[in-house]
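The structure under discussion appears below in the form of structure tokens.
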Amino acid sequence: MQFILIQFAIFLFYSFLGWVCETTFCSIAARKFINRGFLSGPFCPIYGFGAVIVLLLFSQFRNSLIELFVFSTIVTSALEYLTSFLLEKLFHLSLWDYSERNWNINGRICLRNSLLFGLMSVLMVQVIHPYVSRWLISLPVPVLVAGFIVLAVYFIADTAITVHALVEISREAGDRQMELDGLADLRNQYLESAQKERRRKRIQKLQKLYRRLSRAFPRMKSLRNPEAFRELLAQMRVSQAATRIKQHIDNIEKKD
């Protein structure tokens, strides 16, 4: 039981640490804060999964840095490729694209990132994790159980919200593609006014998630309906700008 709790704690810790690294790097490059996480909260699950896999499989190579680096590079690259593949198949979306970088495979992984993942894995196993491991083992089991329950509920809820947002993004892009293909008349026969109103409210509700995901993954694109997806994001940006202008005008009128 304690082993499972500790592995979950390790997953969350390195998911958070990965989020810190990704967010810091992207925020510095963009000169503004960007929540780089796949989830709304401060977690990048791919880093957590990668850390758990590397620690379970390759900790015995701690005294052989070359083997640790090579095996970690291969496994973490495979994990990134698999994640990109699943996102494409499940949501018809691509959140990153390395096609413009040298030595890439289908735009899903590239040599530079793979080498960085390998170096980060060596740093984790050799330097960071010994301290993390000792700290986690020192925690009482009741504390681990309480933390597991609270964080598991939060993590599951955050994941469900994000997955729902991705499904809605793909669905809205598909709806917009129907309009672009000249099927608006046929579509309107099946959509009553109440359905249109629900769709409008649904878009407004998800705009915050759309905006965060587009900032976190500027190369995000729809693989099924790319043109409609670009227009959808553009429309949301215009809508958000119009809302800000209206609020500014309302504030001026209140002051007068």
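The values are calculated or read from the model by the stated rules, or taken from the named source; none is laboratory data. All values derive from a computational prediction rather than experimental measurement. Using ideal geometry, Cβ is built from the backbone for each residue, glycine included, and neighbour counts are taken over all protein chains shown. Just the protein is used for accessible areas: all its heavy atoms, side chains included, with ligands, DNA and RNA removed. Shrake-Rupley method; radii C 1.70, N 1.55, O 1.52, S 1.80 Å.
Shown is the FRET efficiency for residue 100 and residue 160, computed with R0 = 30 Å from the Cβ-Cβ distance and rounded to the nearest 0.05: 0.35.
The fraction of Cα-Cα pairs per 5 angstrom bin, counted from 0 for segment 18-93, comes to 3, 15, 17, 19, 19, 15, 9, 3, 0 percent, rounded to whole percents.
Report note on the peptides 111-123, 38-50, 140-152: ranked by the mean count of other C-beta atoms within 10 Å, highest first, their order is 38-50, 111-123, 140-152. Compute the label zone of residue 145 within segment 1-17: residues whose backbone N is under 18 Å from the point 7 Å along Cα-to-Cβ. Hits in segment 1-17 for residue 145 at 18 Å: 1-9.
What the Cβ-Cβ distance of residue 70 and residue 128 gives, at R0 = 25 Å and to the nearest 0.05, is a FRET efficiency of 0.80. Summing +1 for each Lys or Arg and -1 for each Asp or Glu among the other residues whose beta-carbon sits under 13 angstrom from that of residue 109 gives +1.
With a 1.4 Å probe rolled over the protein heavy atoms of all chains, the accessible area of 14, 154 falls in the order 154, 14, largest first.
Taking Cβ atoms as reference points and 14 Å as the exclusive limit, the residues near residue 89 contribute a net charge of +1, counting Lys and Arg as +1 and Asp and Glu as -1.
To the nearest 10, the accessible area of residue 134 is 150 Å² with a 1.4 Å probe.
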